[in-house]
1. Could you check segment A:185-236 and list, in sequence order, the residues that are without any contact (Cβ under 8 Å) to a residue 12 or more places away in the chain and under 30 Å from C:Tyr173 (Cβ atoms)?
2. Restricting the search to segment A:293-326, which residues are in a loop (DSSP other than H, G, I, E, B) and touching a residue at least 24 places away in the same chain (Cβ under 8 Å)?
3. Looking at segment C:1-40 only, could you name the residues that are in a loop (DSSP other than H, G, I, E, B) and touching a Phe, Trp or Tyr at 6+ places or on another chain (Cβ under 8 Å)?
4. Being touching a Ser or Thr at 6+ places or on another chain (Cβ under 6 Å), on the phi < 0 side of the Ramachandran plot, within 11 Å of another protein chain (Cβ to nearest Cβ) and not aromatic (Phe, Trp, Tyr) narrows it down to one residue among A:Val195, A:Val296, A:Val263, A:Val199; which is it?
5. Anything in segment C:349-370 that is facing chain A (nearest Cβ under 7 Å) and either more than 17 Å from C:Phe71 (Cα to Cα) or in contact (Cβ under 8 Å) with a residue 24 or more places away in the chain (or both)? List them, or say none.
6. Can you confirm whether segment A:363-378 contains a residue that is over 24 Å from the mean Cα position of the chain (by Cα), of a type in the set (S, T, N, Q), modelled with pLDDT of 95 or more and surrounded by fewer than 19 Cβ atoms within 10 Å (Cβ to Cβ)?
7. Would you point out which residue out of A:Thr443, A:Thr436 is in a helix (DSSP H, G or I) and hydroxyl-bearing (Ser, Thr, Tyr)?
8. Test of understanding: among A:Glu151, A:Glu167, which residue is surrounded by 19 or more Cβ atoms within 10 Å (Cβ to Cβ) and among the acidic types (Asp, Glu)?
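The values are calculated or read from the model by the stated rules, or taken from the named source; none is laboratory data. Everything quoted here is computed from the prediction, not taken from an experiment. Ideal geometry is used to build each Cβ from the backbone, glycine not excepted, and the neighbour counts take in all protein chains shown.
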Amino acid sequence: MTTSGRSGLIHDEPLLFERSREGRRGVPVDETDVPLLDPAAVLGEDLLRGDIEGFPELSELDVVRHYTRLSQWNFSIDAGFYPLGSCTMKYNPKLNETVAALPGIREAHPLAPDEAIQGMLALAWELEQALAEISGLDRVTLQPAAGAQGEFVGMKIIQAHHRARRETQRKRVLIPDTAHGTNPASAALNGLEVVEIRVGRDGIVHPDAVAAALDERVSALMLTNPNTLGLFETHAAEVADRVHEAGGLVYMDGANLNALLGVAKPGHMGVDVMHFNLHKTFSTPHGGGGPGSGPVAVKNLLAPYLPTPVVRREDERYRLDHELPDSIGRVHGFLGNAGIWVRALAYLRTLGAPGLAELTERAVLNANYLLAELRESYDVPHEGRVMHECVLTDRLQQAHGVTTADIAKRLMDMGFHPPTIYFPLVVAGALMIEPTECESLETLDEFVEAMRRIADEAERSPEKVTAAPTLPKVSRLDEVRAARKPRLRWLPDEG
Amino acid sequence: MAGKVYEFPDDCHYSESDEWVRVDGATARIGITDYAQSELSDIVFVELPEVGTQVEIGDSFGVVESVKAVSDLIAPVPGEVTETNTALEDSPEWLNEEPYGRGWIVAIEIEDLESLDNLMNAEAYQKYVEERSGS
Amino acid sequence: MSYTPHTPEEIRFMLERIGIASLDELWSSVPAALRARAELKLAPALAERSLLAHFRERAEQNRTAANSISFLGAGAYRHFIPSAVDALASRGEFATAYTPYQAEISQGTLQAIFEFQTLICQLTGLDVANASLYDGASAAAEAALMSLRVTRRRRLLVSAALHPHYRQVLETYTAELDCEIASLPLAADGRTAVAPLPDDLAAVLVQYPNVLGCVEDLRAHAEAAHRAGALLVCVTAEPFALALLRSPGELGADVAACEAQAFGVPLSFGGPFVGVLAARQQHVRQLPGRLIGETVDSNGERAFVMTLTTREQHIRREKATSNICTNQGLCALRVAIYLSLLGRRGVRQLARINLSLAEYAKERLAEARLRLPYAAPTFNEFVVEVPDLANRYPDMVERGLLPGLPLERLDPERRDQLLICTTEMIGREQIDRLVRELGA
């Protein structure tokens, strides 16, 4: 047995507020050299609050220990294999952190005049050009702060296009049943009606299924390619032709772009608009839930509708252009998550075109290897060559009372982060595994061994699987209690 | 899977969307069936309509939620909501424990008693549940 | 270079196990016509030293507080960040984890965000806060959408002194929805006029302090909103102000939409920042974004978990309260670390210093006969009128002084108005120089 999960020393740690001691001081505050005023004298008593009730009082070491201990309760890419499907948990190079921390970047103010931010605008321009090339599209906005905001922007741009053509009746969006939940939610935020397209038995979208839903009310098709089953949408180009013939546009969810670099350009598959998830494909840290960055690329035809401001390059100078009369408007306070998109650019420049093609090749190699090694132990719902991820189910284990959730929890005991579970929704009991290109053969083999051992345990001693996890700091949680009587903040009287 | 045993009282009518209706004069109490609560598993929240709301057959009049699923409540009969079981807001678990008793959801003054004819009796609903849960 | 570990030998072995003869066969489901045109044309790859040189060169082309004196604020604030914030927040265990879907192995992130939610509640005086949104602008927009759902009405009234970028984002978010937005005008003192409101409003949005730096009479706005049956949404871009001012909750706001960047998150050209929404308990089901709740594990130990997730897109899909998925988690963590390091007294002490610097600057500018057009109280930002500002501004920037934000850039009608921000990073000497330059 060579899996890497071991027990270890774990510290208990109370909440900040429970650790707090009246009168304890944290980091000292520098004095100022102007006269320190009494706020009451300046603002008047009526505007002033008293003490911030409950705010913690801690020493610097208290705080350092607190967060160091908390950090040790987390599973992370830096610590182990994290095959969370659709999230592309690849290595986050440390170099990118150094780049984002350069004083001229970290201290750049978003409202400084164009002359003062030539470096930032040059970096933005450089990234926009690279993303346009990768997508096979023409223009890019870096403003969306995450993939879901990118979807919102992309769908708004499509609506603006229809409106300009006086086709305001186009209020329907076709979305395959394999799609991420953000797709229908983003469409709804645009006031659009969702029409679900069922994928075929082979797990992909077929032109006839789309054609049957097409009419003059259809605004767009939202397609994720490869889809969430890890399958390339082989008919994407033909499907796009059909949508275009009916006057609709094609949106691509770029969450799975890690599988396409150097293999296929979305623009060549009839895609008109797409978003990138820089925190997935381009290696920026996921941060325990964010921040991400969700740039959107469009064909020239749609460039007039991009969010303002847009970056312009004129005679080696850059400027922010706020005058775009047909723009959908602004979606972010400033120019998006610059600290994140700068990291993504650093990654792109580190890899170059050959490196990007290589990463896709290895990501797909790893996913296919895992599928080949696991197919005898687990049910495979859709046959066919997979791209960057593969989907298994718990069908074989269910006979022994072991479910996908149990398998996921047992993986923790073996030292792995579980795959994405119960998604996509079209596969009952799905385990969606995305190894990424960064993992070595020996890591993949350890994971395979753990998965096979769990399958074996499910048959011989299922209680081992259903009682998991035992190694993490806490065991399975009472989610029902959390939802029935929500406690969403600490309160002093609760002790 | 070996079929679970559900309770479907004879004095109720049943809808295809898994609500039960128990009629007393012109008033119908409505809830979700034993099968529905079992499929949803632990119910954590119920969204009730306001008293006085007019509903047509097929209207969504509320929502029940488990930790990871949301299910619309679909009106099986037309009429006006005359009472709601507000105790469920604090005790959603009653929907699991006593779906036909303390877990009732709304009372409706039925507009059209003939609409009950479109609902299933306990025996028909039992078959309907068995068909769906497969063998 | 692609951070991949495979040796040629391993690749051969893996292909054999997959049952294919070459890497090329991996693409059997991709049409050949697509592959034939897929080659990427990008700048050549750079190894670490050259790459750093490239970015350093770009970084040094920027004029920032790192090489100039900056009085820029207006929604992006430069405060001192203690070393421990970077040291703790950059730990890989926090930075390279994702959304805590698997609670058992994400307790660090979960407890930290639960603490963040609590700190935001304490600061805003409200009952519940979410785990973060993209930024203050989208938080304001989400607050507006939330108020439409809560009240089932369709009209919004927005203060004319709401940050114009926030207003623009709000308009983008609501453009396709059945809803109308009108403006609440300004009074002469720089605060939003308080007036009787129509009774079909979903919400009134007021910024506190507002984009001109003026501290609004929030209580009066809350009373007016409530009389009309509307919610009061309090938007705050400089949360340090809330360390001194009465909290939105205390003054009757129903929702607080904050940009919390000022608490330990670097400027980074405007992002990643950290939006957050706080609200009253009764509206929790309409609150967008993730929520972390306390519960117990199967051994009865206290533990934390994402909860009330049925509001979210991955379950409710098109009926979700928002489409947000990835949020600004690591920035929220920075906020919590920063506030714990400063603590209850440090935060108020710093706020007091910010206030004192602004008062000193106002006094000196007035002495230099520059007009301060608004009489309302301010915190660390205020407006001064500078004759011929547009023409003089580039020279000042050239000389290493970013004297504040010419408001004309946010609102063409505000010619010659300069918005000045004084955080603790500024001292007497810099203010004196600013006054000399502006007064000249």
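1. A:Ala188
2. Within segment A:293-326, A:Ser293, A:Gly294, A:Pro295, A:Lys299, A:Leu306, A:Pro307, A:Pro309, A:Asp326 qualify.
3. Residues of segment C:1-40 in a loop (DSSP other than H, G, I, E, B): C:1-7, C:19-22, C:28-31, C:37-40.
Answer for segment C:1-40, where residues must be in a loop (DSSP other than H, G, I, E, B) and touching a Phe, Trp or Tyr at 6+ places or on another chain (Cβ under 8 Å): C:Tyr3, C:Ser29, C:Val30.
4. A:Val263
5. Those that are facing chain A (nearest Cβ under 7 Å) and either more than 17 Å from C:Phe71 (Cα to Cα) or in contact (Cβ under 8 Å) with a residue 24 or more places away in the chain (or both): C:Gln349, C:Leu350, C:Arg352, C:Ile353, C:Leu355, C:Leu357, C:Tyr360.
6. Yes, some residue in segment A:363-378 is over 24 Å from the mean Cα position of the chain (by Cα), of a type in the set (S, T, N, Q), modelled with pLDDT of 95 or more and surrounded by fewer than 19 Cβ atoms within 10 Å (Cβ to Cβ).
7. Answer to the check: A:Thr443.
8. Criteria check complete, one pass: A:Glu151.
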